[in-house]
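**Q** Supplied in structure tokens, the structure appears directly below.
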Amino acid sequence: MRRPLTLLIKPAAGLCDLKCRYCFYRAQSAGRANEVMTQSTAMALLEKLALLRPASLHVVFQGGEPTLAGLSFLRSFVKALEALPCPLTLSLQTNGQTLDDDWARFLSAHGFTVGLSLDGDKTANDRYRRTPGGGSAFEKTLAAAALLQKHGVDFSILAVLDDENAAGIADAYRFFRSRGFARLQFIPCIDEGSGISLSPATYGQALKTLFDLWEADLLHGETVSVRAFDNWLAILLGQPPESCANGGVCGAYTVVEADGSLYPCDFYCTEAYRLGSVFDPDPFGENAVRRAFYRDSLRVRETCAACEWGFLCRGGCRRDRTDDLTQNLYCAAYRDFFSYAYQRMRRLALRLSGGERTQPKELNR
Ligand code: SF4
Ligand code: SF4
């Protein structure tokens, strides 16, 4: 049976023109060649996709910084993807440093949705997102946002939350709104050796502050998307969440590194989780490592089974869990937030569904 396929492709491996202090991928890809994908690797991937003929294909270009592969590489790669006999959707995650009119025209022409990394106003963004020489990346990222707006590219802001940025989340939200950014995503910073992290108490408070601001905007007729809230509302409306972090299981996509190696998740691109390579005969077929990755992601369910918020929270992202994968590090934050906002979320869901009663879909646990 033909199935939908989602690929996160790293055409420039871990290469990046910034040196953000909290970056997990710089450490993860250290010691590798970190070179732009060769034509032979790109061809091998495209040939396997042509044979597989997925029911639909969603491709996310990510890095490092994927634009460092060059516009001509992306142009010819996307042209080949568009020639495949399946519906195609395209995304790109960027820090915006290299975007110019040509890039923005290309992204617009091919209907990309873009994620732009920006942690807030200049003070917040300069805190950790720096050039290799220690300079500010802020103005170039803002200029990239203006270019995306000018060319009508659908984009969202991706902001990382540590304790300091989370404490200023109201300022960040107001700054983004003042710039006309209507799609926002905030992700917790996990300390993977950087010494930068987000505590559950600060995260819980940040979610509550953010929800108050977001709800007020929605009730005033302003359309603002905050990804986590959208996913929880979707669950309340009986729809599947689009984010794997809200889905309760891992394994929804495959990472393709520039050298052709395959991994089950961007946070797990290490030798222990290597699924194989695009040069294998059946790279997207059944795989013991992928099965184990999926199975291990279910371990949190025992801890969450008795939780009143389990149907909504679903244990969160595996990356945010204790080493034995049985407990989400932000459990206290989620309990705090759901206790605070659940009734109001339900009212919003009712409003969005035109007043019909909503029946949250519970997971089969
Ligand atoms: S709030 Fe905690 S116990 Fe409840 S579902 Fe979420 S992670 Fe599990
Ligand atoms: S670890 Fe998190 S991001 Fe990765 S597949 Fe699982 S839920 Fe998704």
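**Q** Would you mind ranking LEU57, LEU84 by Cβ crowding within 10 Å, fewest neighbours first? Working shown, then result.
**A** Details: LEU57 19, LEU84 15.
Ascending Cβ contact count within 10 Å gives the list LEU84, LEU57.
**Q** Further, regarding this structure: Step through the residues of the stretch 263-270 one at a time and calculate ³J(HN,Hα) from phi using the Karplus curve (6.51 cos²θ - 1.76 cosθ + 1.60, θ = phi - 60°), rounding each to whole Hz and writing x for Gly and Pro.
**A** 9, x, 6, 4, 7, 10, 8, 10
**Q** Starting from 0.36 nm per residue, how many nanometres of slack lie between THR270 and ARG32 once their C-alpha separation is accounted for? Don't skip to the end; give the middle numbers.
**A** On the way: separation 238, 0.36 × 238 = 85.68 nm, distance 1.07 nm.
Stretched fully, the THR270-ARG32 segment lengthens by 84.6 nm.
**Q** Return the sequence-ordered ³J(HN,Hα) values of the stretch 89-98 in whole Hz as given by the Karplus equation 6.51 cos²θ - 1.76 cosθ + 1.60 applied to θ = phi - 60°, using x for Gly and Pro.
**A** Result, rounded to whole Hz: 10, 10, 9, 8, 9, 9, 8, x, 5, 9.
**Q** Rg/Rh for the stretch 188-245 to two decimals, with Rh computed the Kirkwood way over all alpha-carbon pairs.
**A** 1.06
**Q** Would you work out the relative contact order for the chain, in percent, from Cα pairs under 8 angstrom that are 6 or more residues apart?
**A** Details: 627 pairs, mean separation 61.2, N = 365.
Computed over the chain, the figure is 17 percent.
**Q** Would you mind putting 127-139, 237-249, 109-121, 306-318 in packing order, based on average other-beta-carbon counts within 10 Å, highest first? Could the numbers behind the result be given before it?
**A** Working: 127-139: 14.8, 237-249: 16.5, 109-121: 20.6, 306-318: 19.0.
By packing density, highest mean first, the sequence is 109-121, 306-318, 237-249, 127-139.
**Q** Let me ask something else. Give the residues of the stretch 295-319 whose amide nitrogen is closer than 16 Å to a point set 7 Å from the Cα of THR326 in the direction of its Cβ.
**A** 296-307
**Q** Quick one: what are the phi-derived ³J(HN,Hα) couplings along the stretch 17-22, Karplus 6.51/-1.76/1.60 with θ = phi - 60°, whole Hz, x for glycine and proline?
**A** Along the stretch 17-22, the couplings run 9, 10, 9, 6, 5, 9 Hz.
**Q** If I model a spin label at ALA201 and THR98 as a point 7 Å from the Cα along the Cα→Cβ vector, what separation in nanometres do I get?
**A** Distance between label points: 4.4 nm.
**Q** If packing is taken as the mean number of other Cβ atoms within 10 Å per residue, what is the order of 210-217, 265-272, 4-11, highest first? Walk me through the intermediate numbers first.
**A** Details: 210-217: 17.5, 265-272: 15.1, 4-11: 20.4.
Taking the mean over residues of other Cβ atoms within 10 Å, the ranking is 4-11, 210-217, 265-272.
**Q** On to the next question. Local charge sum around TYR273 (other residues, Cβ-Cβ under 14 Å, Lys/Arg +1, Asp/Glu -1)? Walk me through the numbers before you get to the answer.
**A** On the way: positive: ARG274, ARG290, ARG291, ARG295, ARG318, ARG319; negative: GLU257, ASP266, GLU271, ASP296.
Neighbour charge sum, excluding TYR273 itself: +2.
**Q** Which of the three applies to the chain, rounded, prolate or oblate, going by the alpha-carbon gyration tensor with a ≥ b ≥ c and a/c under 1.5 meaning rounded? Don't skip to the answer; put the middle values down first.
**A** On the way: a/c = 1.45, a/b = 1.20, b/c = 1.20.
Judged from the Cα gyration tensor, the chain comes out rounded (a/c under 1.5).
**Q** Considering amide H positions built from the backbone, and no H for Pro or chain starts, which residues 5 or more places from ALA252, or on another chain, come under 5 Å of its amide H?
**A** So ALA252 has HN proximity to no qualifying residue.
**Q** Now, a different point. Between ASP212 and ALA143, how high is the FRET efficiency from 1/(1 + (r/R0)^6) when r is the Cβ-Cβ distance and R₀ = 25 Å? Nearest 0.05.
**A** Numbers: r = 31 Å, r/R0 = 1.24.
Here the calculated transfer efficiency is 0.20.
**Q** Next question, about the same structure. Can you list the residues, at least 5 places off or on another chain, whose amide H is less than 5 Å from the amide H of VAL226, using H built in the peptide plane?
**A** LEU184
**Q** Could you give the size of the charge dipole of the chain about its Cα centre, using +1 on the Cβ of each K and R and -1 on the Cβ of each D and E, expressed in debye and rounded to the nearest 20? Can you show the working numbers first?
**A** Working: 42 positive and 41 negative charges, 144 e Å.
That gives the chain a dipole magnitude of about 700 debye.
**Q** Students often get this wrong, so check it: of LYS10/LYS122; LYS19/LYS122; LYS19/LYS79; LYS150/LYS208, which have C-alpha atoms separated by over 21 Å?
**A** Working: LYS10/LYS122 28 Å; LYS19/LYS122 16 Å; LYS19/LYS79 31 Å; LYS150/LYS208 33 Å.
Beyond 21 Å: LYS10/LYS122; LYS19/LYS79; LYS150/LYS208.
**Q** Using modelled backbone amide H atoms (1.01 Å from N, in-plane), which distant-in-sequence or interchain residues come within less than 5 Å of SER56's amide H?
**A** Those lying under 5 Å, H to H, from SER56 are LEU5.
**Q** What does the C-alpha gyration tensor say about the overall shape of the stretch 120-225? Classify as rounded when a/c is under 1.5, otherwise prolate if a/b is larger than b/c, or oblate.
**A** On the way: a/c = 2.24, a/b = 1.08, b/c = 2.08.
Oblate, because a/c is 1.5 or more while a/b does not exceed b/c.
**Q** Just how far, in whole angstrom, is the stretch 264-341 from the stretch 209-249 if you go by their alpha carbon centroids?
**A** Their Cα centres are 20 Å away from one another.
**Q** Can you give the net charge of the other residues whose Cβ lies under 12 Å from the Cβ of ARG75, counting K and R as +1 and D and E as -1? Walk me through the numbers before you get to the answer.
**A** Values: positive: LYS79, ARG105; negative: GLU82, ASP102.
Every neighbour counted, the sum reads 0.
**Q** Now, a different point. Among the helices of the chain (complete DSSP H runs), which have Cα atoms covering no less than 15 Å along the helix axis and a Kyte-Doolittle mean of at least 0.0?
**A** Working: long enough: 39-52 (19 Å, 0.99); 71-82 (16 Å, 0.79); 138-150 (18 Å, 0.45); 200-219 (28 Å, 0.18); 331-352 (28 Å, -0.25).
Those that pass (Cα extent of 15 Å or more, hydropathy at least 0.0) are 39-52, 71-82, 138-150, 200-219.
Bear in mind these aren't lab numbers, they're just calculated from the coordinates by the rules spelled out. Just so it is clear, the structure is predicted and the values come from calculations on it, not from any experiment. So basically every Cβ, Gly included, is an ideal-geometry build from the backbone, and we count neighbours across all protein chains shown.
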